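Enquirer: There's a structure below that I have some questions on.
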Amino acid sequence: MIISDRTWTAFTTAIPNGTWVTVATAGLGAVIAVNLLSKVVRRTILIPKMTILDDLPKVGTRRKDGNRKGCAVVCGGSVAGLLAASVCADHFESVLIVDAEASANELAIDLPKDREIRIMPNGLPTRVPWRKRVMQYSAFHLLLPPLVIGIQNMFPRLHEQLDYLGLAMTPLTFSVFYFGSVLCPEVCRPNDTHAPQTLPITREAFEILLRRLVVKSKPNVTFLTGTVDGFNKDEGSAHVLSEVTVRTTAGDRVEPAAFVVDATGPAQASYHKWLANAGFGPLPSSLREEYDPHFSYSQSVWTVPEDVLNKMEPVLPYGLYPGSLYANSPDWSTGEVKGLTIVLLERSQRWGVGTSDLPYSIPEIEACIRSLHQNHPAPEWVYKLLDILSENEEACAPWYTGINTSKFSFVKYHQAERGSLPKNWVAVGDAVMNLNPVYGQGCTKALMDAVALDSLLRRVPSGRELPSDFSNSYFKKAAARTGSMWDGNKANDYGWPSTEPVKGETLAKGTFIRNFGRHVVYVCRKDGRLFRMWQRVVFGLAPSTDFFAPSMMARVAWSWLTG
């Protein structure tokens, strides 16, 4: 249809004078109304449902009606178990943490001074981890802001214990390169006052910090070294667990339990055996899905003396600061599968270099960086840093480790039939959803589970029994906040041809999510406002629906159309 100037004039003159003002006013009013409505929906529905922001201020506060009678038994004493135990300590008379390793009891609250070193088959030294059952125990972590806020609320004496262990908070700013192009350089600065806080730390140090905080601030929490064998159902109630059976070096024990938390990690023991053996199940196999990206990575860890750090500082474009100094992420659409990260960590393990193609030595790492297929080569200062490390290898005493990840899985308890789960039982962390560690969301996901548990426990007066659907309600609440992590990670991992998909799926699943996410990253490279929007969603400080804001959608659509 073609409208000429003459036709347009005839059309406009057919409308009485003053009507345009009315139409324009009505249109403006509609726009304002829609904008206000979207803000109301976001604030009153999306943020409470999809984030933990509204629940965080209540975490760590005492109940006004006193704690519930009985003991909450937490099966597993790593990050998810410690966070769940801290929550349970605010709601139950006592809490018992059961873990198979003695290195996870109440005595393990200091960074170890003596390290056992062994030589790998390739002739390089590696450090024997203190904890044998935690896959990433030696890996570095950058704690996302919700996790930092959560532990600040849980533990008012956090900074005191950070000082004791020689750790410190820092703004979450980092040099991120996507396929060789830096993401929004104007906001990736160590002096960015708007950046949320993080804690650059190894998994080992974070676990020890959490355990120390629990021991020092939660006197009603105790520890038991032993292996959980299973659960016993309450004979007087069809939907309640009453006991946890434990094997210890001193013999078998039966621990009374008013509440039970499965924090067994990727073993997901409740799903595989404990619930069925206690008379709940077997649960349908359709509740659990898993895929395998065949992902592995290596680490080179250097303890850098002050004089060597002083040599590094002038080389860095933004100076020397804790956190991620250089992080290069591959673009799945190009077929490149390798990435590299350089991180400055806590005082005990100050420098980490991680890659996804298992090089170890500095020459191997340099060769790996030069082989990356990307839009722009790595900046020269990266090689200068590696040269400084190489020149001071003896002083830095590096050690190396390689990690092969297992399959990743999600037990969708939130889809279980109502009444099929014990009402006084939940699972947290990897015991529900085991995420790819490369995305750095696992510990934050564990906190989100703990916060969901805290929120629901606060709704039930301490003198009343838990409702029959308590467990179902917990899993639904947690899944609404963490499900996007699983969907996003899986969709991205399906971009690599080596990935074995979930049974019944193909690698084509999630193509739209992958493409959309790729273009979101591209449009954020030069737009600080959109970058911060992306950052807040990725960090869990905003609902994922923010990605579909008009400003973001318009830019993404244009990027998509123009390639």
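Enquirer: Which of 269, 241, 365 sits closest to the plus end of the dipole of the chain, meaning its Cα is farthest towards the positive end, when Lys and Arg get +1 and Asp and Glu get -1 on the C-beta?
Expert: 241
Enquirer: For the stretch 267-336, rounded, prolate or oblate, judged on the Cα gyration tensor with a ≥ b ≥ c (square roots of eigenvalues), a/c < 1.5 rounded, else prolate if a/b > b/c?
Expert: Prolate, since a/c reaches 1.5 and a/b exceeds b/c.
Enquirer: Here's another thing I want to ask about it. What's the local net charge at residue 227, with K and R +1, D and E -1, over the other residues with C-beta under 12 Å away?
Expert: Cβ neighbours under 12 Å give a net charge of -1.
Enquirer: List the residue ranges in the chain for DSSP H helices whose C-alpha atoms run 30 angstrom or more along the long axis and whose Kyte-Doolittle average is 0.0 or above. Spell out each step's value before the answer.
Expert: Numbers: long enough: 19-41 (32 Å, 1.58); 470-493 (33 Å, -1.05).
Taking the DSSP H segments of the chain (at least 30 Å long, mean hydropathy at least 0.0), we get 19-41.
Enquirer: In whole Hz, what ³J(HN,Hα) sequence does the stretch 408-423 give by Karplus (6.51, -1.76, 1.60; θ = phi - 60°), x for Gly and Pro?
Expert: Per-residue couplings from phi come out as 9, 9, 9, 8, 8, 4, 5, 9, 5, 5, 4, x, 7, 10, x, 6 Hz.
Enquirer: At a probe radius of 1.4 Å, what is the per-residue accessible area of residue 206, in Å² to the nearest 10?
Expert: That residue has around 0 Å² of solvent-accessible surface.
Enquirer: With the dipole of the stretch 81-143 worked out from charges on the C-beta (+1 for Lys and Arg, -1 for Asp and Glu) around the Cα centre, which of 86, 119, 140 lies farthest toward the positive end?
Expert: Checked the options; the winner is 119.
Enquirer: Taking amide H positions as placed in the peptide plane 1.01 Å from N, state which residues far from residue 427 in sequence (5 or more) or on other chains have amide H under 5 Å from it.
Expert: Those lying under 5 Å, H to H, from residue 427 are 262.
Enquirer: Still on this structure, please answer the following. From the residues 320, 202, 420, which one has its Cα farthest along the dipole of the chain in the positive direction, the dipole being from +1 and -1 charges on Cβ of Lys/Arg and Asp/Glu about the Cα centre?
Expert: Of 320, 202, 420, it is 420.
Enquirer: By a straight-distance test (C-alpha under 17 Å), which lysines pair with residue 216 as possible cross-link partners, with residues fewer than eight away in the same chain excluded?
Expert: Candidates past the 8-residue exclusion: nothing left.
Enquirer: Hey, another quick one. Quick check: with the 1.4 Å probe, what order do 481, 62 take by accessible area, largest first?
Expert: Correct descending sequence by accessible area is 62, 481.
Enquirer: Moving to a separate point now. Step through the residues of the stretch 337-342 one at a time and calculate ³J(HN,Hα) from phi using the Karplus curve (6.51 cos²θ - 1.76 cosθ + 1.60, θ = phi - 60°), rounding each to whole Hz and writing x for Gly and Pro.
Expert: 10, 9, x, 8, 9, 10
Enquirer: May I ask you to rank 198, 511 by accessible area, largest first, using a 1.4 Å probe over the protein chains only?
Expert: In descending accessible area the options line up as 511, 198.
Enquirer: Please report the accessible area of residue 396 (heavy atoms, 1.4 Å probe, ligands and nucleic acids excluded) in Å², nearest 10.
Expert: Per-residue accessible area (residue 396): approximately 0 Å².
Enquirer: For residue 529 and residue 315, compute 0.36 nm times the residue count separating them, minus their Cα-Cα distance, and round to one decimal in nm. Don't jump to the answer; show the numbers that get you there.
Expert: On the way: separation 214, 0.36 × 214 = 77.04 nm, distance 2.89 nm.
74.2 nm is the gain from fully extending residue 529 to residue 315.
Enquirer: If you place +1 on the Cβ of every Lys and Arg and -1 on the Cβ of every Asp and Glu, how big does the dipole about the Cα centre of the stretch 407-563 come out, in debye to the nearest 20?
Expert: 380 debye
Enquirer: Give me the dipole magnitude in Debye, nearest 20, for the chain about the Cα centre, with unit charges on the beta carbon: positive for Lys and Arg, negative for Asp and Glu.
Expert: Charge dipole of the chain: 1660 debye, to the nearest 20.
Enquirer: Using the Cβ atoms and a cut-off under 13 Å, what net charge is assigned to the surroundings of residue 63, where Lys and Arg are +1 and Asp and Glu are -1? Let's see the in-between values first.
Expert: On the way: positive: 58, 62, 64, 68, 69, 458, 459, 464; negative: 65, 90, 93, 454.
Around residue 63, the surrounding residues sum to +4.
Enquirer: So which of 338/445; 445/477; 412/477; 49/412; 490/526; 69/423 end up more than 22 Å apart, counting from Cα to Cα?
Expert: As for pairs spanning more than 22 Å Cα to Cα, those are 338/445; 490/526.
Enquirer: Could you compute the net charge surrounding residue 96? Neighbours are other residues with a C-beta less than 13 Å from the C-beta of residue 96; K and R count +1, D and E count -1.
Expert: With Lys, Arg at +1 and Asp, Glu at -1, the neighbours total -3.
Enquirer: Separate question: With only Lys, Arg, Asp and Glu charged, each at its Cβ (+1 for the first two, -1 for the last two), find how big the charge dipole of the stretch 51-151 is about the Cα centre; round to the nearest 20 debye.
Expert: 100 debye
Enquirer: For the full complex of protein chains and a 1.4 angstrom probe, list 560, 496 by accessible area with the highest value first.
Expert: On the way: 560 95, 496 35 Å².
Of 560, 496, the descending order of accessible area is 560, 496.
The values are calculated or read from the model by the stated rules, or taken from the named source; none is laboratory data. The shown structure was predicted, so the numbers you read here are calculated from the model rather than taken from an experiment. Every residue, glycine as well, gets a Cβ built from its backbone with ideal geometry; the counts of neighbours run over all protein chains shown. Side chains are part of the model used for accessible areas, which takes the heavy atoms of the whole protein and leaves out ligands, DNA and RNA. Shrake-Rupley method; radii C 1.70, N 1.55, O 1.52, S 1.80 Å.
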